[in-house]
Amino acid sequence: MARSGREERRKAPAALLVVVALLVLATDLMPLLARGVLAEQPGSIPPEQALAERYAPIAYVKRQRFVCDPTGEPYLPLPVDAVLDDPSVLLRLDTGGRTAASDQIVKTAPTMRDLAWLGEGYYIDFPGNPLRPGCLYEQWSRAKARQYEPTVYARVATEEGADGLALQYWMFWVFNDFNNNHEGDWEMVQLTFDASSVEEALTQEPQSVTYSQHGGGERASWDSAKLHREGERLIIRPAAGSHASYYDAQLSIGWGEGGTGFGCDDTRRPSRRVPLSVVMLPKEPSMDGEFAWLRFYGRWGEKQRWEFNGAIGPQRGRKWQQPISWTRDARERSLSVPDTPGIGPMPDSVFCVVSSQASNGLRFFSLYPWRTATLLTALFALSVCLLVAIRRSLVRAARVYARWWGSFTTIGIVLIPLGFAVTSLQRVITTSPPLEWVVELIGRTDQARLAASLLVGSAQSALEAVLIGPAIVAVIEMIRRGEPTDAGRAYRRAWRQAPALLKTYLRVQLGLLFRFVTIVGIPFFVRDRVRWAFYGQAVMIDGARSSRGASRTSAAAVSGTWWRTAVEMLVFTVIGLLPGPLIGIVLMVAYAPSLAFVNALSSVIYAFAVPYKIIGLTLLYLDRTGRPLSMRPASVAAGARTDRMPAGAVVTHSGR
């Protein structure tokens, strides 16, 4: 046993020497592996490809509910092969023609080799018209997507005079369906390493990640909370239509500052997951190889005016030529539309709608410049004429508001907490069972959310119609009767009439809704929207007790003056709605404060604008019923009429 113990002790140092030798060998091999020495062995992939595959993006594109659904993303990033060697695609030379159709056709179904070394005057013309896209581009792209898999082009780049190494992923989309529709769209994301070689980059984490967004980009550190990954693969969220890449599911807003687009980018859910295959770009593409298109310096899309022109190739931009400098200049955040409560139209939402409609107007102008100019001139002239025609009504309402501003603003300001409470309740209810289940059943779309929101959102309109508006009417009735004005008494009077007001409000709204949804009833919807506009005044001033009586009294007041009443109603309604959003948009563009602050400020302005609208409509009702308001305090003593108009009475007008 002693001899056996001595043998074991002699073997122990030998085993220890073997372990130490293996550790030394492993230590010597690790730098070789890091520098890619072993990667060059037969059957292994080049280090550039290994780096690109490691971080290959996964796109989450906004899901469509049906084919040609404009609220979703119909396109996928495809290889450029998808648009080449296709008989429906033309290679054209810009010969100065007004439209692409008048330019010279150089080649039908151009190939890679046909594009090499062609200059800026050449462009590829896809089938379709970007100013009137319809569903043609989507159908064409869908057919291509069945032949090719979603692809990104990867390249490793450096910049002379700048430290670091960039790994870029370029995506080609056949159509940009944003505010500036155009054929072809190149977008990219970039990782930046504090490394001097690909082999060194393989041993470290990226220093930063930058997502391209229109003319600029948004930067994040590798450990940033907003950067999402699956393992080491990037998760990108291309905005529906524009394909600008974002980090989160959100509605983002921009007006051209810092390279943002002009409008709203939507990356909100629901989304579908699309892994992207990596194709590595060579540093020096050959003239007749599969990457000869990198030598094409023309446009990837039909020639059009202004921002509707086809996209330029990636190699022509700063992102390609100066990748390190470009990412250093990128923004650190994007403005996302906050989910904050408010009252009235919110500036960010109005901006999104206006920018989209302005884009439609620009497309129409590009197609029909003279018609558009004539139409805009006519609309401007009509607006001026309308304002001149009713200027006395506008000035009179402003004077009444200014003289008794204390009572009116006290009533209007109450709309702020009530409105915020209602919109907060709306958010809770529409994101909780059972309405959440309804949204899930229909699909998480804007329309589904809107339908659910309307069930609660109409409460804000009801508050204005049943409580705020009637209280303002009560103050005017106090003025008309020569009584001291008091917001508290006005609210108490409105509260006493609340049952009749609510009943009439529901009857009027349901009647208008029925007329509207039947389509054929839309003319009657327009007619009765004006005829029934004064039901609140009929209840508060003339004591109408039934919804039918209030509607008839209102209709009698409008009889014979429908057109003029409609014009004045429209102007007062617009004045009540627009000041808040307009001031908010100006602040957003000029000073870039937080959108939550802008929305809150807009809500306050809206609360002060609502009394002016109600004052104007109430004075209009008094005029139509032959009882114009006197600005003199002792209006009763001066002989002003204070009699009530019987519910359902027929008013005979002389003059107005």
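Looking only at the range 90-117, which residues are assigned to a loop (DSSP other than H, G, I, E, B), out of contact with any Asp or Glu (no Cβ under 7 Å at 6 or more places or on another chain) and at pLDDT 90 or above?
Across the range 90-117, the qualifying residue is only P110.
Tally the residues that are acidic (D, E) and either crowded, with 24+ Cβ neighbours inside 10 Å or at pLDDT 95 or above (or both), restricting the search to the range 164-184.
Matching residues across the range 164-184 total 1.
Name every residue in the range 507-530 that is surrounded by 14 or more Cβ atoms within 10 Å (Cβ to Cβ) and not basic (K, R), in order of residue number.
V508, Q509, G511, L512, F516, G521, F524, F525, V526, D528, V530
Which number in (1) under 14 Å from F534 (Cα atoms); (2) at pLDDT below 85 marks the one condition that Y621 misses?
Evaluating Y621 over (1) under 14 Å from F534 (Cα atoms); (2) at pLDDT below 85 leaves (2) as the failure.
If the Cβ limit is 6 Å and pairs must be 6+ apart or interchain, which residue in the range 226-245 that is of a type outside the set (A, V, I, L, M) pairs with which residue that is in a strand (DSSP E or B) and at pLDDT below 90?
From residues that are of a type outside the set (A, V, I, L, M), the pairs are S242/D265.
Please find, among A101, A109, the residue that is without any contact (Cβ under 8 Å) to a residue 24 or more places away in the chain, in the same structural domain as N179 (by TED's automatic domain parsing) and among the aliphatic types (A, V, I, L, M).
The match here is A101.
Determine if the range 361-371 includes at least one residue that is among the charged types (D, E, K, R) and under 22 Å from the mean Cα position of the chain (by Cα).
Yes, the range 361-371 contains a residue that is among the charged types (D, E, K, R) and under 22 Å from the mean Cα position of the chain (by Cα).
Taking the conditions exactly as written (crowded, with 20+ Cβ neighbours inside 10 Å and farther than 30 Å from V388 by Cα), does V539 satisfy them or not? Walk me through it before giving the result.
Numbers: crowded, with 20+ Cβ neighbours inside 10 Å: yes; farther than 30 Å from V388 by Cα: yes.
Spelling it out, V539 is indeed crowded, with 20+ Cβ neighbours inside 10 Å and farther than 30 Å from V388 by Cα.
Across the range 306-334, what is the total count of residues that are farther than 22 Å from Y55 by Cβ and touching a Leu at 6+ places or on another chain (Cβ under 9 Å)?
The qualifying residues number 4.
For S458, which of the numbered conditions (1) surrounded by 17 or more Cβ atoms within 10 Å (Cβ to Cβ); (2) modelled with pLDDT under 75; (3) closer than 20 Å to Y606 by Cα fails to hold?
Of everything listed in (1) surrounded by 17 or more Cβ atoms within 10 Å (Cβ to Cβ); (2) modelled with pLDDT under 75; (3) closer than 20 Å to Y606 by Cα, S458 misses just condition (1).
Out of everything in the range 304-340 that is among the polar types (S, T, N, Q) and in a helix (DSSP H, G or I), what residue ends up being surrounded by the most Cβ atoms within 10 Å (Cβ to Cβ)?
T327
So A292 passes all but one of these: (1) in contact with a helix residue (DSSP H, G or I) (Cβ under 6 Å, 6 or more places away or on another chain); (2) of a type in the set (G, A, S); (3) without any contact (Cβ under 8 Å) to a residue 60 or more places away in the chain. Which condition number does it fail?
Going through the list (1) in contact with a helix residue (DSSP H, G or I) (Cβ under 6 Å, 6 or more places away or on another chain); (2) of a type in the set (G, A, S); (3) without any contact (Cβ under 8 Å) to a residue 60 or more places away in the chain, A292 breaks only (3).
Given the conditions (1) out of contact with any strand residue (DSSP E or B) (no Cβ under 8 Å at 6 or more places or on another chain); (2) over 20 Å from P470 (Cβ atoms); (3) assigned to a helix (DSSP H, G or I), and given that S551 satisfies all but one, which numbered condition is not satisfied?
For S551, the exception is condition (2).
Restricted to the range 69-89, and to residues that are within 30 Å of R268 (Cα to Cα) and of a type in the set (D, E, K, R), which residue is modelled with the highest pLDDT?
So, considering only residues that are within 30 Å of R268 (Cα to Cα) and of a type in the set (D, E, K, R), the one modelled with the highest pLDDT is E73.
Determine whether R295 is touching a Gly at 6+ places or on another chain (Cβ under 7 Å), in the same structural domain as P130 (by TED's automatic domain parsing) and closer than 30 Å to T158 by Cβ.
The answer is no for R295.
Residue by residue through the range 253-277, note down the ones that are crowded, with 18+ Cβ neighbours inside 10 Å and modelled with pLDDT of 85 or more.
Matches in the range 253-277: C264, D265, D266, T267, R268, S271, L276.
Mind telling me which of the residues V400, V475 ends up being within 21 Å of Y505 (Cβ to Cβ), crowded, with 17+ Cβ neighbours inside 10 Å and at pLDDT 90 or above?
Of the residues listed, the single one that is within 21 Å of Y505 (Cβ to Cβ), crowded, with 17+ Cβ neighbours inside 10 Å and at pLDDT 90 or above is V475.
Report, by residue number, each residue of the range 220-246 that is buried (at least 19 other Cβ atoms within 10 Å of the Cβ) and basic (K, R).
R237
For the range 549-562, which residues satisfy the criterion of being farther than 17 Å from G616 by Cβ and either buried (at least 16 other Cβ atoms within 10 Å of the Cβ) or without any contact (Cβ under 8 Å) to a residue 60 or more places away in the chain (or both)?
G549, A550, S551, R552, T553, A555, A556, W562
Of the residues in the range 523-562, how many are at pLDDT below 90 and of a type in the set (A, V, I, L, M)?
Here the count works out to 1.
What number of residues within the range 219-249 satisfy the criterion of being in a strand (DSSP E or B) and closer than 30 Å to C68 by Cβ?
Residues flagged as in a strand (DSSP E or B) and closer than 30 Å to C68 by Cβ within the range 219-249 amount to 7.
The values are calculated or read from the model by the stated rules, or taken from the named source; none is laboratory data. Note that the structure is predicted; figures quoted are calculated from it, not measured. Heads up, the Cβs are rebuilt from the backbone with ideal geometry, glycines too, and the neighbour counts pull from every protein chain shown.
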